[in-house]
Amino acid sequence: MRRCLGPLVTLFAVLWLPAAPPAAAQGMPRYGGELIFAVPSEMPSYDGHRESTFALIHPMAPHYNTLLRIDPMDRSGSKVVGDLAESWTVGKDGRTYTFRLRRGVKFHDGAEFTSRDAKATYDKIVFPPSGVASERKGSYVNIEAVETPDPHTIVFRLKFPSASFLSSVASPWNWIYKADILEKDIRWYETNVMGTGPFVFVEHVKGSHWVGKKNPNYWDKGKPYLDGYRALFIKDSAAQVAAIRGERAHIQFRGFSPAERDSLVAALGARIAVQESPWDCVLLATMNHEKKPFDDKRVRRALTLALDRYQGSQALSKIAIVKAVAGVQVPGTPFATPPAELEKLAGYWPDINKSRAEARRLLKEAGVPEGFAFTFKNRGVPMPYEPLGVWLIDQWRQVGLNVRQEVAETAKWFADLRGGDFEVAMDAQCGYMVEPDLDLYKFQSGPTSAAPRGISDANYTRQKDSVLDELYVKQSRAIDPEERKKYVREFEKRLLDEEVHSMYTLQWHRIVPHSARVKGWTVTPSHYLNNQLDTVWLTE
Amino acid sequence: MMAVKPAALGEIPEVAERGGWRRAVLEFCRARPLGAIGAVVVLINILVGLGAHVIAPYDPLATDYGAMLARPSAGHWLGTDAFGRDVLSRIIYGSRTAMLVGFACAFLGATLGAVIGVTSAYFAGKVDLLIQRVMDIFLAFPLIILALAVVSILGTGIENVIMAITIPMIPRAALVARSSALAIREMPYVDAARAAGFSHRRIILRHMLPNVMAPYLIMLTAYLGQAILLEASLSFLGLGVAEPTPAWGLMLRGAAVQFAESAPWMAIFPGFAISLAVFAFNLFGDSLRDALDPRLRTQ
């Protein structure tokens, strides 16, 4: 009986605690207070255009604005609203987007924001000079030119109409930088902060914390509500849970595991609120095509055939923040492949014995001996990298491969991925919105030793695939949803089945338990959204 | 001078032969029962590590998703972890990792430290000054901090962990060896060796090093426990041995913390294994020190 009490209390608490109401319905905001949140990792640099980790966006997004943003009150994380652009129009040909910019916006140093700053920012993102990394430039391949007819207007001319363009401009990574600074030193933002956002940078103590204080001259009058915020870098998830349990931190925006949620709910009861959402995130196992034997697609195919994703989903969802078996789109979304069709792809076959037998045959055919050893490079972020790493190694072991794991800190892990210093590595694909353009751009041709400039700097597989590049453009141009779906499926088949450049593991599930004092924040399917903190406030 | 050396060297084997190892061991057990218990536990640990593949009931890497977080039972004496892996088997194999790291670090650390310490004492003067200042720099950092710094430079993995733990041990061993060697350096047989024209290397390796064997053995046993604890600490922090290698410290992190309340066996048993091994090595090491230190021998 006593054994039953713990889970029952947790269950009661979960059922009794209503899901946090939408931010808009949480009453009159209160001014003051310092929001304290845990960040499970630390940023490799300060440049939002270069990086793709939550470790950067969580502590730093409050210093910046973007042209458009996703409505912070929208749980679906798909409603585009203006940020520094107050309105926009689309030309009849669908190729010209004109944005009217807000007046009276100032950078934290007092300089006025104009269209020149917006253009310099987008030039850096879309057309970066050689040697300057732009992580998401692959998702802007349809931009032909960026023009500024006057100081408060910016025009984007596209090569072809694109249904996803506004979503791309609402990217939470496209922080508006100051043109004067970029002109002098385009890499200045890798080590410095200067934005127009609701909070001004105070200090960053490496390995400890990041502090921001209220911007008294913020253009959105009346905001922000908080006096400031403090991001604590806490790598260990138990320590993050302890910080929230001990009410030394209010929230950790990325999310916790089911067990951690249950322990917080059991400990804090009504003092904790829980928000959950499907998560537009997946971990990939990426194979370096410049390292033997991973240049052989039979070997890559064998590696994906070894994975029992269905059993993994059942088992790992109990201990980690992963759940659904997915292709290149979040299951249940318009362009996602239905399960019956997904089962035809390599690694998704329902009969795991048949799948593994084929994997062994392919390895043998490719001349890979039984017990072949290689190193799997994983990221030193415990959840869900650690359990998924253990699961992958175990799956590959079952087809006779001997895998050694090497765990690297975030900065080194990124550096190794970018530099091609790995055989097989864990890679992540997280979108800020479920949209094929945003979810697939990563897989366009990446840098290789022979040709260091790729379409996508986020493709770490060290290969170029012109067929995939074409399919990406075709799906992006397709205005008819059915036609677009067809190209997305073709893209998926080539990426995951025919060439197996990368392999998807399991879709994430986001669970954010936070102090009930935190109001004005809404969970979305992306942990990259809703970090400007301008709408967040604390109760007494 | 010449008469002293053969007499001094000749006495040592004679005493050992007359007493015999068996008698020495029995005497050690009688005089220091706690140390003897420690030695037995150490011996068991070594045997378990060596025979892990025979003793362990399951493959330590084999997952069983049908038995995730299973309580201790007849099938799994110490339960299973979050991946359904048998905790007992992982502890048994973890003993191999602990012993490997422990012995490698203690041996390398104590040996290199002894060589550096004796060399420093032998040459004295500027060489001694230089070596000691370098050692002082290393000694300024606590053991765990220096190990963390080294592993963050070298990366994770068993070889790097051995390096990371060995490096901070060297200056500590060097300091102890040097203080013993300073007295030996003035002994007549060292002077005799010099007078006979032996090389520095020969004097250090054949005449001085064997005479710091007592402090060397004490350091070796003392460092074994420390090395095991450090390896467990580094692995617990995610900077040591990487999954899926069975290692005690590693078993304490991740899911063991996450499920500490609902599946406490995941943390309790590896924690007990670490405590027992370190305690045993310390007991044995302390008793060995007492036995070998002439100042404590009569106490």
Worksheet item: Residues with amide H under 5 Å of A:Asp465's amide H, sequence separation 5 or more or different chain, H placed in the peptide plane at 1.01 Å from N; which?
Response: A:Ser445, A:Gly446
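Per residue of A:130-140, what is the mean number of Cβ atoms on other protein chains within 10 angstrom of that residue's Cβ?
On the way: counts 0, 0, 0, 0, 0, 0, 0, 0, 0, 0, 0.
Mean shielding by partner chains, rounded to a whole number: 0.
Is it possible to state the helix-based mean residue ellipticity at 222 nm for chain A, with each DSSP H run of 4+ residues giving -39500 (n - 2.57), the sum divided by total residues, to the nearest 500 deg cm²/dmol? What is it? Please list the in-between numbers first.
Details: 16 runs with 153 residues, N = 540.
Calculated from helices alone, the mean residue ellipticity at 222 nm is -8000 deg cm²/dmol.
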Worksheet, complete the sentence: Counting only residues 5 or more apart in sequence or on a different chain, those whose built amide H sits under 5 Å from that of A:Val407 are A:Asn378, B:Thr156
Fill in: Estimated vicinal HN-Hα couplings, Hz - region A:136-147 in sequence order (Karplus 6.51, -1.76, 1.60; Gly, Pro = x)
10, 4, x, 8, 10, 5, 8, 7, 8, 7, 10, 10
Worksheet, complete the sentence: Rounded to the nearest 5, the percent of antiparallel DSSP beta bridges in the protein assembly as shown equals 75 percent
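Cα gyration tensor of region A:279-509, axes a ≥ b ≥ c as square roots of the eigenvalues: rounded (a/c below 1.5), prolate (a/b > b/c) or oblate? Show your work: numbers first, answer last.
On the way: a/c = 1.32, a/b = 1.18, b/c = 1.12.
The shape class here is rounded.
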Worksheet item: Once phi is turned into θ = phi - 60°, what whole-Hz ³J(HN,Hα) does the Karplus curve with 6.51, -1.76 and 1.60 give for every residue of region A:201-206, x standing for Gly and Pro?
Response: 5, 10, 7, 10, 9, 4
Practice prompt. Rounded to the nearest 500, what is the 222 nm mean residue ellipticity of chain B from helices alone, with -39500 (n - 2.57) per DSSP H run of 4+ residues and division by all residues?
Written response: -23000 deg cm²/dmol
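Local charge sum around A:Ile154 (other residues, Cβ-Cβ under 10 Å, Lys/Arg +1, Asp/Glu -1)? Can you show the working numbers first?
Working: positive: A:Arg100, A:Arg116, A:Lys119; negative: A:Asp117, A:Glu147, A:Asp150.
With Lys, Arg at +1 and Asp, Glu at -1, the net is 0.
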Practice prompt. List every residue whose amide H lies under 5 Å from the amide H of B:His76, counting only residues 5 or more places away in sequence or on a different chain, with H placed 1.01 Å from N in the peptide plane.
Written response: none
Item to complete: Under 9 Å from the Cβ of A:Ser515, count the other residues' Cβ atoms, weight Lys and Arg +1, Asp and Glu -1, and hand me the total.
Response: +1
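Defining a contact as two alpha carbons under 8 Å apart and six or more residues distant in sequence, what relative contact order in percent does chain A show? Intermediate results must be reported in sequence, preceding the final value.
Values: 1174 pairs, mean separation 125.2, N = 540.
Relative contact order comes out at 23 percent.
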Worksheet item: Given A:Trp396, A:Ala415, A:Val381, which one lies farthest toward the positive end of the charge dipole of region A:279-509, if we put +1 on the Cβ of every Lys and Arg and -1 on the Cβ of every Asp and Glu?
Response: A:Trp396
Worksheet item: What size of dipole, in debye to the nearest 20, comes out for chain A about its Cα centre when the only charges are +1 on Lys and Arg C-beta atoms and -1 on Asp and Glu C-beta atoms?
Response: 660 debye
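Write down the Kirkwood hydrodynamic radius of chain B, to one decimal in angstroms, obtained as one divided by the mean of 1/r over all alpha carbon pairs. Kindly include the intermediate steps, with their values, before the conclusion.
Numbers: mean 1/r = 0.0471 Å⁻¹.
With all distinct Cα pairs of chain B included, I get 21.2 Å.
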Worksheet, complete the sentence: Taking every residue of B:58-67, the Cβ atoms of other protein chains inside 10 Å of its Cβ average out to 3
Worksheet item: Which ³J(HN,Hα) values in Hz, rounded to whole numbers, follow from the phi angles of region A:372-379 under the Karplus curve 6.51 cos²θ - 1.76 cosθ + 1.60, where θ = phi - 60° and Gly and Pro get x?
Response: 4, 9, 8, 9, 9, 8, 10, 8
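Got the relative contact order for chain B handy, in percent, Cα pairs under 8 Å and 6 or more residues apart? Could you put the intermediate results ahead of the total?
Working: 441 pairs, mean separation 72.6, N = 299.
With pairs under 8 Å counted, the relative contact order is 24 percent.
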Response to the item:
Taking every other residue with Cβ under 12 Å from the Cβ of A:Ile70 and scoring Lys and Arg +1, Asp and Glu -1, one gets -2
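Is the C-alpha gyration tensor of region A:60-196 telling us rounded, prolate or oblate? Criteria: a/c under 1.5 is rounded; beyond that, a/b larger than b/c is prolate, otherwise oblate. Walk me through the intermediate numbers first.
Numbers: a/c = 1.38, a/b = 1.22, b/c = 1.13.
Rounded.
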Fill in: Cross-link pairs A:Lys318/A:Lys493; A:Lys159/A:Lys474; A:Lys297/A:Lys464; A:Lys297/A:Lys364 - those with Cα-Cα distance over 20 Å
A:Lys318/A:Lys493
Practice prompt. Kindly provide the pair-distance distribution of region A:190-306 built from C-alpha pairs, with 5 Å bins from 0 and whole-percent values in order of increasing distance.
Written response: 2, 8, 13, 11, 12, 13, 13, 9, 7, 6, 4, 1
Item to complete: Indicate the gyration tensor shape class of the protein assembly as shown (rounded, prolate or oblate), computed on the Cα atoms with a ≥ b ≥ c the square roots of the eigenvalues: a/c under 1.5 is rounded; otherwise a/b larger than b/c is prolate and the rest oblate.
Response: prolate
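Throughout, read-outs are computed from the coordinates displayed, never taken from laboratory work. All figures in this text were calculated on a predicted structure; none of them were measured in a lab. No Cβ is skipped: glycine too gets one built from the backbone with ideal geometry, and neighbour counts run over all protein chains shown.
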